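Presented below is the structure to which this report refers.
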Amino acid sequence: ASGAGVTLDGCDLFLSGALANSGTLTLTAAEGRYAQVKVGGAIQGAGQVVQQQYLAGTGYHALASSMATGFGTTTGNASALFAYDAAQGIYASAPSLTTPGLGYFGKLDAAGGFATAAGAFSVTGTPNATHTYNLGHSATQAAGGSGSGWNLIGNPYTCGLDWNAVMTSN
């Protein structure tokens, strides 16, 4: 209902049909556990989903957003994210932050970065319900590049994926 909130704390919600959401659905995360939602039908309503991911330790973390608007609304410093551009063989320090499925690197560091301390960060919006990967790559290594033809991809959904099945299908 409008203005209502539901929080999933370390549990899963699997819906075979549609998700009608006019309030806020929060999927929490803590060290070693997280909540997830899998919807078999459409996502309806003007409600928001808040999905948390837990970052531990320090240094660089691989991140992806499960929202259709990417990192448009996040508790982390989205401007500190960067991605790998395989076609040019370089790290892009100002990538598009709205590409579903694109993987990003974010630094966890007290001096600044995506987050300054270990803990949960969140992305908010309407979850991706469908996604077709369209990842560019380079067949040859760009001058000064660290490799050729690879991409950092991320899970574009609010639930876990069987990455072996994704690789087999693609």
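Within the range 51-71, restricting attention to residues that are assigned to a loop (DSSP other than H, G, I, E, B) and closer than 18 Å to His131 by Cα, the residue that is most open to solvent (accessible area, probe 1.4 Å) is Thr69.
Residues in the range 76-89 that are open to solvent by less than 20 Å² (accessible area, probe 1.4 Å), within 26 Å of Thr126 (Cα to Cα) and part of a loop (DSSP other than H, G, I, E, B): Gly76, Leu81.
The set of residues in the range 7-25 that are without any contact (Cβ under 8 Å) to a residue 60 or more places away in the chain and under 18 Å from Ala120 (Cα atoms) comprises Thr7, Leu8, Asp9, Gly10, Cys11, Thr24, Leu25.
Regarding the range 29-41, can at least one residue be identified that is in contact (Cβ under 8 Å) with a residue 40 or more places away in the chain, among the aliphatic types (A, V, I, L, M) and surrounded by fewer than 16 Cβ atoms within 10 Å (Cβ to Cβ)? For the range 29-41, residues in contact (Cβ under 8 Å) with a residue 40 or more places away in the chain, among the aliphatic types (A, V, I, L, M) and surrounded by fewer than 16 Cβ atoms within 10 Å (Cβ to Cβ): present.
Determine whether Val49 is more than 17 Å from Gly113 (Cβ to Cβ) and either hydroxyl-bearing (Ser, Thr, Tyr) or at pLDDT 90 or above (or both). It is true that Val49 is more than 17 Å from Gly113 (Cβ to Cβ) and either hydroxyl-bearing (Ser, Thr, Tyr) or at pLDDT 90 or above (or both). Selection within the range 1-21: residues that are surrounded by 13 or more Cβ atoms within 10 Å (Cβ to Cβ) and in contact with a Lys or Arg (Cβ under 8 Å, 6 or more places away or on another chain). The member of this set that is nearest to Gln53 (Cα to Cα) is Gly10.
How many residues are part of a loop (DSSP other than H, G, I, E, B), among the small types (Gly, Ala, Ser) and open to solvent by less than 10 Å² (accessible area, probe 1.4 Å) when one looks only at the range 90-123?
Taking the range 90-123 as the starting set, the residues that turn out to be part of a loop (DSSP other than H, G, I, E, B) are 93-101, 103, 109-114, 116-118.
Imposing the further condition that a residue be among the small types (Gly, Ala, Ser) reduces the set to 93-94, 96, 101, 103, 110-113, 117-118.
Within this subset, residues satisfying the condition of being open to solvent by less than 10 Å² (accessible area, probe 1.4 Å) are 101, 103.
Going through the range 90-123 one residue at a time, the tally reaches 2.
The values are calculated or read from the model by the stated rules, or taken from the named source; none is laboratory data. For clarity, every value in this text was computed on a predicted model and none was experimentally measured. No Cβ is skipped: glycine too gets one built from the backbone with ideal geometry, and neighbour counts run over all protein chains shown. Accessible surface areas use protein heavy atoms only, side chains included; no ligands, DNA or RNA. Shrake-Rupley method; radii C 1.70, N 1.55, O 1.52, S 1.80 Å.
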